[in-house]
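Here the structure comes first, spelled out in structure tokens, and everything after it is commentary.
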Amino acid sequence: MLHGVKTELKRLGLIALACLSLLWFTPLSLSFLLFLAGGIYLAFMFHQLWRLNRWLLRKNEEPPPEASGIWGEVFDNIYHLQRRQQQEKQNLQAVINRVQEITSALKDGIILLDWRGHLDFWNPAAQRLLGFHTKDQGLSVINFIRHPKFVAYFESSDYSEPLELPSPRFASRQLQFQITRFGKNERLIVVRDITQLHKLEQMRRDFVANVSHELRTPLTVISGYLETLAENNTQPAWEKPLTQMRQQSQRMSALINDLITLSRLETTEAGINHKSLPLEPLLTAAHHEATALGSEKSQNINFECTPNLQLQGNEKELHSAFSNLLINAVKYTQPGGEISLRAWSDNQHIYVSVSDNGPGIEQKHLSRLTERFYRVDASRNSATSGTGLGLAIVKHALLRHDAELKIHSEPGKGSVFTCVFPLAG
């Protein structure tokens, strides 16, 4: 750049010198000659600007015009800048093409939305699953996925869990939607076809339900004969075996009943027989059952409920949830222990908690407590005749009421299980 400036100054000096030399041959004034020199230089500058503009407007790849001095450097610098930009554009296009190739190979649908929630990009899998067309770009995704649950999920700010819905295009397919935020409030939607997994899960549920019902009848017969044998037994040697068989048949019966309850919660439609229920009588019934069970261990079960609380739900399902929490507390709390059943509300939620001063549970187990047949301690569960399904029943019963179960526990400090219900609007 410094060399170009020097060349330009030389050019300006030569023009001025040529004009001054005219003073020896013509009677022109000095000011007129300087004005003439400036005009000549200004015309030269405009000519170079015109050449630059004409070159920039051309669409071809021809090199810049030949020029010397600062204009030559300007032309060269702009040319090199253009070449760099073209190279960067080619590199960026290569990356975009590569990303498009990768997303095109995915079986999962990929949808990119702008900050307004409008369609910006989708891969072939998303087009296949949801039926997008080129003309749909720029339209709101809600125009194509109109299910109320998806609209509520999309408009919420909590995308921590995926959403499963029937396909809006194929009624026989089940899709899973997972939204992730990125950039400036833009969103990425991953759409998975989980039809096969959904069918396998449905088969599992049907199998458990059918087997549970089929086992109930023969087990009832076996239990009946064991009762008869135990009542008429006159041989001391058979007393212990008959007692153990009766205990195991009762345990099996409890397991089958829990399996049937859990299967019904999983397979039947939520919201059936929902009505406004006064909470206090519902909890009182569960409290009486737990008190009768806990009397054998001399446990003190406290009950406290804010008056006039109302829940919208299914009475049988809610009773099952509260009863299972209390029965668990009675089973796993030591003799003479303290158990509390409390219900209260705030501006947004209704809370029902069951707390105890039992042995507590280690942190590593808390996230898995509601899994079917999960055992914190297999020997302890056998000693209490637990089925391993109680908390799974609680979880599913609460999910059917748009509620959640929160668990807090520390070894040696007891446990607190809290049901959190949305306050009815």
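In the condition set (1) modelled with pLDDT of 70 or more; (2) surrounded by fewer than 14 Cβ atoms within 10 Å (Cβ to Cβ); (3) not basic (Lys, Arg), Gly72 is compliant with all but (2).
Looking at Glu231, Glu304, just one residue is among the charged types (D, E, K, R), touching a residue at least 24 places away in the same chain (Cβ under 8 Å) and farther than 22 Å from Leu391 by Cβ, and that residue is Glu304.
If only residues of segment 244-278 that are in contact with a Ser or Thr (Cβ under 7 Å, 6 or more places away or on another chain) and among the hydroxyl-bearing types (Ser, Thr, Tyr) are counted, the one that is surrounded by the fewest Cβ atoms within 10 Å (Cβ to Cβ) is Ser253. Of the residues Pro236, Pro218, Pro241, Pro281, only one is surrounded by fewer than 14 Cβ atoms within 10 Å (Cβ to Cβ) and assigned by TED's automatic domain parsing to the domain that holds Ala329; which? The match here is Pro281. Can you find, within segment 102-157, the residue that is nearest to Thr180 (Cα to Cα) among those that are in a helix (DSSP H, G or I) and of a type in the set (Ser, Thr, Tyr)? Ranking the qualifying residues of segment 102-157, first place goes to Tyr153. State the number of residues belonging to segment 394-425 that are surrounded by fewer than 14 Cβ atoms within 10 Å (Cβ to Cβ) and closer than 16 Å to Glu317 by Cα. Residues that pass the stated criteria total 1.
Taking into account only those residues within segment 182-193 that are at negative phi and more than 16 Å from the chain's Cα centre (by Cα), which is surrounded by the fewest Cβ atoms within 10 Å (Cβ to Cβ)? Talk me through it step by step, then tell me what you get.
At the first step, the residues of segment 182-193 found to be at negative phi are 182, 184, 186-193.
If we keep only those that are more than 16 Å from the chain's Cα centre (by Cα) too, we end up with 184, 193.
Values: Lys184: 7, Asp193: 19.
If we take residues in segment 182-193 being at negative phi and more than 16 Å from the chain's Cα centre (by Cα), then Lys184 is surrounded by the fewest Cβ atoms within 10 Å (Cβ to Cβ).
If the condition is being aliphatic (A, V, I, L, M), surrounded by 13 or more Cβ atoms within 10 Å (Cβ to Cβ) and farther than 30 Å from Lys135 by Cα, then segment 75-123 contributes only Ile78. The residues in segment 317-359 that are in contact (Cβ under 8 Å) with a residue 40 or more places away in the chain, out of contact with any strand residue (DSSP E or B) (no Cβ under 9 Å at 6 or more places or on another chain) and closer than 14 Å to Leu282 by Cα can be counted, and the count is 3.
The values are calculated or read from the model by the stated rules, or taken from the named source; none is laboratory data. For clarity, every value in this text was computed on a predicted model and none was experimentally measured. Glycine gets a Cβ as well: all are built from the backbone with ideal geometry, and neighbour counts include every protein chain shown.
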